[in-house]
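Asker: Quick one: this structure, given as structure tokens, is what I'll be asking you about.
The values are calculated or read from the model by the stated rules, or taken from the named source; none is laboratory data. Source: prediction; values computed, not measured. A quick note on method: Cβ atoms are made from the backbone with ideal geometry, for glycine too, and the neighbour counts reach across all protein chains shown. For the accessible areas, the whole protein counts, side chains as well, though only heavy atoms, and no ligand, DNA or RNA atoms are used. Shrake-Rupley method; radii C 1.70, N 1.55, O 1.52, S 1.80 Å.
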Protein chains: 2
Amino acid sequence: MAAISSVTIRRARREDVGIIVAMLADDPLGSARERLEEPLPACYFRAFDALEQASQIKLVVAEDADGIVVGCLQLCILPGLSSQGASRALVEDVRVASQCRSQGIGERLMQWAIADARGNACKLVELFTHNTRVEAQRFYKRLGFAPSHVGMTLRF
Amino acid sequence: MAAISSVTIRRARREDVGIIVAMLADDPLGSARERLEEPLPACYFRAFDALEQASQIKLVVAEDADGIVVGCLQLCILPGLSSQGASRALVEDVRVASQCRSQGIGERLMQWAIADARGNACKLVELFTHNTRVEAQRFYKRLGFAPSHVGMTLRF
């Protein structure tokens, strides 16, 4: 497959929700968690509306030259008192469409997130990757991330 | 030391910033990161003001029966599309004053956070603990958290 020469990173719109959920579901962990149905369950649109209201959060997509959405990422800029009142950036829900992997799209998304974090005076970008996502961990290390923390979760 | 029979969890106020920063600094990792000076650097108050504007974030303190602040915690409720549009809760900057540890104050703070996350329909509470904080990891496991993720960080 030819390398995608360029993707555009832009804020997600309501009409992108279906393709984003399809990417979230097309994943060993996500497939059990999502409901990729036609029509798409209203819970996803309610969540999108909540994201639109959340001023610290940006849900973005990567769009190829044909305007097709091929990746997504959610970035949250979180103020806090620690580290001399520095904001930190939390990256979540990074996905690239399965037919478009290994073309640098994930890296473009992450570089966008890192630049946005810098632009918002963050001193830290942080993310959780599931213990089983060994390839993702390698990818993030290549971008300069250190596996410095244990990510602990409590699921209801 | 007698067990503290009860602490009150309440939203942090501007006048609590100094004691919260003192708790952040009184820590092997925090001591190198904070500037506990008199007067307290303005960066901390700017961060507090940003927290007050951030509608998804609650910075809370634990106050003992004498009205002394003995612990703190920051909770962020994050909407998102994944897991059928479920919000998740991120817990950060959990601290208990060094002279008040092992009295259940951290547990009270965490139980407050878990209850708030449930009340906000979150399906997940997540937190980062530094790899070196082995005791903290034991504490969170006791509360039901699983070390399911690698927490990766990029510091500028």
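Asker: Report yes if A:Arg155 is at pLDDT below 95 and among the basic types (Lys, Arg), otherwise no.
Answerer: Criteria not met by A:Arg155.
Asker: Could you list, in sequence order, the residues of segment A:117-128 that are open to solvent by 20 Å² or more (accessible area, probe 1.4 Å) and assigned to a helix (DSSP H, G or I)?
Answerer: A:Arg118, A:Gly119
Asker: Taking segment A:74-126 as the region of interest, how many residues are of a type in the set (A, V, I, L, M) and touching a residue at least 60 places away in the same chain (Cβ under 8 Å)?
Answerer: 4
Asker: When segment A:119-142 is examined, which residues are found to be at the interface with another protein chain (Cβ under 7 Å from one of its Cβ atoms) and within 17 Å of the chain's Cα centre (by Cα)?
Answerer: A:Leu124, A:Val125, A:Glu126, A:Leu127, A:Phe128, A:Thr129, A:His130, A:Gln137, A:Tyr140 - these are the residues of segment A:119-142 that are at the interface with another protein chain (Cβ under 7 Å from one of its Cβ atoms) and within 17 Å of the chain's Cα centre (by Cα).
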